[in-house]
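Notes follow the structure.
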Amino acid sequence: MAAPSRAASCEDFAEFQELLRVMRTIDDRIIHELNTTIPTASFVGKIDASQTCKELYQSLMEAHTSRERIIKSCIAQTSSVVKTLREEREKAQDDIALLKQLRKEQTKV
């Protein structure tokens, strides 16, 4: 299972969650993947179990690496926005809209 081709959008949290859900498909279907990867007694001679297990492992590692990269990227982006909003908040203590936006971004992180 390859990672989705679309870029991660950190601005829309619901979209980000959906992207992560799609990227978890291989993990969510691991039992099925194992059942189709490991040959039954009748197919032992026809399928190289070692190679198919290596391929499954590689797919899992690629999926985990992709998710980790996207999550860390969004954390960094959102943290940067929080930092900027905090600096603006220091200058405009009475701006309620700015405070709400800051809290929203902090919640995302």
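The values are calculated or read from the model by the stated rules, or taken from the named source; none is laboratory data. Just so we're clear, the structure is a prediction, and the values are computed from it rather than from any experiment. Using ideal geometry, Cβ is built from the backbone for each residue, glycine included, and neighbour counts are taken over all protein chains shown. These area figures cover heavy atoms from the full protein model, side chains too; ligands, DNA and RNA do not enter into them. Shrake-Rupley method; radii C 1.70, N 1.55, O 1.52, S 1.80 Å.
Against the main long axis of the alpha-carbon atoms of the chain, helix 13-23 sits at an angle near 10°. Computed from Cα atoms, the angle from the helix 49-91 axis to the main principal axis of the chain rounds to 0 degrees. Shown for the chain: cysteine residues without a partner Cβ closer than 4.7 Å, namely 53. Using a probe of 1.4 Å, the accessible surface attributed to residue 30 totals some 50 Å² when neighbouring protein chains are kept in position. The Cβ shell under 14 Å around residue 103 holds other residues with a net charge of +2, Lys and Arg each +1, Asp and Glu each -1. Of the trypsin sites (Lys or Arg not before Pro) in segment 39-109, the ones in a loop by DSSP (not H, G, I, E or B) with at most 12 other beta carbons within 10 Å are 46. With the simple spin-label model, which puts each label point 7 Å out from Cα in the Cβ direction, the residue 27 to residue 99 separation comes to 3.7 nm.
Note on segment 13-107: with neighbouring protein chains present and a 1.4 Å probe, carbon and sulfur make up 56 percent of its accessible heavy-atom surface.
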